[in-house]
Amino acid sequence: MSWQSFRRGYERFLEWICIALMVALAAEVVTGVVFRYSGHSLVWYDEVATILLAWVTFYGSALAVLKHAHMGVPEVVRMLPPGARVAAAVVAQLCTMAFFVLLAWAGLAVLEVLASDRLVSLPEVSVAVANSVIPISAVLFVVGQLLVFPEVLHEARRAHDAAGEHA
């Protein structure tokens, strides 16, 4: 399996996770509205919707890495001389990966603390399950960063003419 085919498969995997979470969130919200309208509000509706929204956000962020969709200032990097451009791109990638490795580690530590806590409206569900998205998505984010690193490095090495177009 080539690097690119693995990257495409990984991207599809994250897309399907995001799609499934969005469908679940939409179904949960519609169900909650229907029950509330009928006069039989679900006690767990708000808490589950909040968790699903957080999960969509975190998993979607991991997907956004592969699409280069996070905020950045690529023009600043492109204006640097070639050597500094490559160095800046590498430092930025390494800093981002280091942050998410730290987030994964801290997220695991938090899960241990929350292991005995339960959701308010669904006491049979651990708060750790709801917050597991933090270390899991942090690892997914790092994998994404590693997969796009060759593209980022290639872009940083490309020469640009005075108009900012690729030479």
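Below is a table of values for the structure above.
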{"read-out": "Cα centroid of segment 3-66 to Cα centroid of segment 138-157, whole Å", "value": "25"}
{"read-out": "Dipole magnitude of the chain, debye to nearest 20 (Cβ charges: Lys/Arg +1, Asp/Glu -1, about Cα centre)", "value": "400"}
{"read-out": "Charge context of Val129, other residues only, Cβ under 14 angstrom, K/R +1, D/E -1", "value": "-3"}
{"read-out": "Amide proton proximity set for Arg118, modelled H, under 5 Å, gap of 5+", "value": "Val127"}
{"read-out": "Sequence-separation-based contact order of segment 3-157, relative, with Cα cut under 8 Å and 6+ spacing, percent", "value": "28"}
{"read-out": "Among Ser61, Phe35, Ser5 - extreme Cα towards positive end, dipole of segment 1-70, charges at beta-carbon", "value": "Ser5"}
{"read-out": "Candidates Ser116, Ser132, Ser61: whichever shows maximal mean-square fluctuation once the chain is modelled as a Gaussian network with Cα springs under 10 Å", "value": "Ser116"}
{"read-out": "Debye intensity ratio in log₁₀ form over the Cα atoms of the chain, taken at each q of 0.10, 0.12, 0.14, 0.20 Å⁻¹", "value": "-0.52, -0.69, -0.85, -1.27"}
{"read-out": "Exposed GluC sites (Glu not before Pro) absent: longest stretch of the chain, with sites in DSSP loops and at most 10 other Cβ within 10 Å deemed exposed", "value": "1-123"}
{"read-out": "Net lengthening on full extension, Glu15/Ala128 (0.36 nm per residue, minus Cα-Cα)", "value": "38.3 nm"}
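No lab work stands behind these numbers, since they all come straight from the coordinates. Nothing here was measured: the structure is a model prediction, and the numbers come from that model. Using ideal geometry, Cβ is built from the backbone for each residue, glycine included, and neighbour counts are taken over all protein chains shown.
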